[in-house]
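All remarks here apply to the structure that follows.
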Amino acid sequence: MAGNQQRRGAGAKKAGKFAGKGSAAGSGGHGKRGLRGRGPTPRAEDRPYHKAYKDKQRAAQGGRPASRQGGSGQGSRAGAKPAGPEWVVGRNPVLEALHAGLPVTTAYVAEGAEHDSRLREILSYAADHNVPMLQTTRGELDRMTGGAVHQGVAVRLPEYDYAGVQDLIAAGAEDPHGGLVVALDKVTDPRNLGAIIRSAAAFGAQGVLIPSRRSASMTAAAWKSSAGAAARIPVAMASNLNQALTTLGKAGYTIVGLAGEADSEIAEIPGLDSPLVIVVGSEGEGLARLTRERCDQVAAIPITGVESLNASVAASIALYEVARARS
């Protein structure tokens, strides 16, 4: 009994000890910030660091994107390849992106980020050009950018709104020569894509056509290489490039592929002043067999020596010859 009394006494003492804590004065609001919520938790597939997000990305790149016209890629809008916005991270890349005129929707800076000359220039540019600048925690910036090395600053670009083949045909119908399109076959370098977009805009093309698979897409690198031309000329995406070329052919376009071993030079091809598609292959592999078979003609760009031309350089020369034939 005495032992029980001792145990009860100890329990009472212990209870009293915790009761004393419960009756103590409050914290005065200290720690309240740590308890504050950060809003609803994003879905797993919307979190860049999560496996579900990566699985979704792989599925989008390896699968057939659904277009608004039953997945053919020939409607007014083809399925977009990148899921979600594009990020540019790091102080030098962000500064270059801003000066290059990329369509930045929001800029983010981490709390406590060191204010060196680059960050001060970024903040000044954002203020002068009405770019929304939000402050966030470093952990949240890690989460949003998928763990990239952001140096405390990042900018977000909008998801690119791809055109469809019918959009290019409609734009070509308003052109005096019936339209000019540059189609890319396995051109995987986004800088080449951006440079080709720039040349296409400079020489009066109505758009650039890319396939949804095994192709560069409209990333930040492509935007930057286009030097702003991507905002003036549409890029169409097709789930099947050969089907898209067939659609253009039925609309009256002549399909001309560039091939170094072709017998005819680009300037000798008839019909350069009528509806035309210039198809550019990758620098290493050239045109795929099925794509080459779909072309009405193949043409070469005359060069001396054994060197091959970069895809964007070849496209520029071909476009110049087309523009000269149309002038």
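The values are calculated or read from the model by the stated rules, or taken from the named source; none is laboratory data. Being a predicted model, the structure only gives us computed values, none of them experimental. Backbone-built Cβ (ideal geometry, glycine too); neighbour counts: all protein chains shown. When the accessible area is computed, the model is the full protein with side chains, heavy atoms only, and any ligands, DNA or RNA have been set aside. Shrake-Rupley method; radii C 1.70, N 1.55, O 1.52, S 1.80 Å.
Which pairs do you get when a residue that is within 23 Å of ALA170 (Cα to Cα), found in region 221-235, comes within reach of a residue that is part of a loop (DSSP other than H, G, I, E, B) and of a type in the set (Ser, Thr, Tyr), reach meaning Cβ atoms under 7 angstrom, with the pair 6+ apart or on two chains?
VAL235/TYR162
Counting just the residues of region 216-229 that are of a type in the set (Ser, Thr, Tyr), open to solvent by 10 Å² or more (accessible area, probe 1.4 Å) and part of a loop (DSSP other than H, G, I, E, B), which one comes out modelled with the lowest pLDDT? Spell out how you get there, then give the answer.
Here is the first cut: in region 216-229, the ones of a type in the set (Ser, Thr, Tyr) are 217, 219, 225-226.
From what's left, open to solvent by 10 Å² or more (accessible area, probe 1.4 Å): 217, 219, 225.
Now drop any that are not part of a loop (DSSP other than H, G, I, E, B), which leaves 217, 219.
On the way: SER217: 92, THR219: 89.
It comes out as THR219.
Using beta carbons and a limit of 7 Å, which pairs, at least six apart or on different chains, have the first residue in region 114-126 and on the phi < 0 side of the Ramachandran plot and the second one of a type in the set (S, T, N, Q)?
ARG118/ASN92
Looking at region 266-273, is at least one residue touching a helix residue (DSSP H, G or I) at 6+ places or on another chain (Cβ under 7 Å) and not hydrophobic (A, V, I, L, M, F, W, C)? Working first, answer last.
Step one: of region 266-273, the residues touching a helix residue (DSSP H, G or I) at 6+ places or on another chain (Cβ under 7 Å) are 266-267, 272-273.
The next check asks that each one be not hydrophobic (A, V, I, L, M, F, W, C); those that pass are 273.
Yes.
Taking LEU184, is it open to solvent by less than 40 Å² (accessible area, probe 1.4 Å), within 14 Å of ILE278 (Cα to Cα) and more than 23 Å from the chain's Cα centre (by Cα)?
Working: open to solvent by less than 40 Å² (accessible area, probe 1.4 Å): yes; within 14 Å of ILE278 (Cα to Cα): yes; more than 23 Å from the chain's Cα centre (by Cα): no.
Here the answer is no, as LEU184 does not meet what is asked.
Can you give me the number of residues within region 242-262 that are open to solvent by 40 Å² or more (accessible area, probe 1.4 Å) and of a type in the set (Ser, Thr, Tyr)?
Matching residues across region 242-262 total 1.
Does SER316 qualify as being surrounded by 15 or more Cβ atoms within 10 Å (Cβ to Cβ) and at pLDDT below 95? Quick ask: steps written out before the conclusion?
Details: surrounded by 15 or more Cβ atoms within 10 Å (Cβ to Cβ): yes; at pLDDT below 95: no.
Considered against the rule, which asks whether it is surrounded by 15 or more Cβ atoms within 10 Å (Cβ to Cβ) and at pLDDT below 95, SER316 comes out as no.
Kindly indicate the residue of region 94-122 that is among the hydroxyl-bearing types (Ser, Thr, Tyr) and under 27 Å from GLY194 (Cβ atoms) and also most open to solvent (accessible area, probe 1.4 Å) among those meeting that condition. Working first, answer last.
So the first thing to find is which residues in region 94-122 are among the hydroxyl-bearing types (Ser, Thr, Tyr), and the list is 105-106, 108, 117.
Cutting the leftovers down to under 27 Å from GLY194 (Cβ atoms) gives us 105-106, 108.
On the way: THR105: 50, THR106: 17, TYR108: 23 Å².
Going through the qualifying residues, I end up with THR105.
This table checks each residue for (1) farther than 30 Å from LEU319 by Cβ; (2) buried (at least 16 other Cβ atoms within 10 Å of the Cβ).
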| site | (1), (2) |
| --- | --- |
| SER124 | yes, no |
| ASP128 | yes, no |
| ASP142 | yes, yes |
| GLY147 | yes, no |
| HIS150 | yes, yes |
| VAL165 | no, yes |
| LEU180 | no, yes |
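Can you name the residue in region 152-162 that is part of a loop (DSSP other than H, G, I, E, B) and open to solvent by 50 Å² or more (accessible area, probe 1.4 Å) and is also farthest from ALA216 (Cα to Cα) among such residues?
Applying the filter and picking the extreme gives PRO158.
Applying the selection to region 130-140, what residues are open to solvent by less than 60 Å² (accessible area, probe 1.4 Å), free of Cβ contacts under 8 Å to residues at least 60 places away in the same chain and outside any loop (DSSP other than H, G, I, E, B)?
Listed by number, the residues that qualify are MET133, THR136, GLY139.
Output the number of the condition that GLY207 fails; it satisfies all remaining conditions of (1) in contact (Cβ under 8 Å) with a residue 60 or more places away in the chain; (2) buried (at least 22 other Cβ atoms within 10 Å of the Cβ).
(1)
Can you list the strands (runs of 3 or more DSSP E) found entirely within region 230-310 that contain at least 1 residues being more than 29 Å from the chain's Cα centre (by Cα)?
On the way: elements: 235-238, 254-258, 276-281, 297-299.
Correct list: 254-258, 297-299.
In region 243-280, what count of residues is obtained for those that are in contact with a strand residue (DSSP E or B) (Cβ under 6 Å, 6 or more places away or on another chain) and within 23 Å of VAL313 (Cβ to Cβ)?
Going through region 243-280 one residue at a time, the tally reaches 18.
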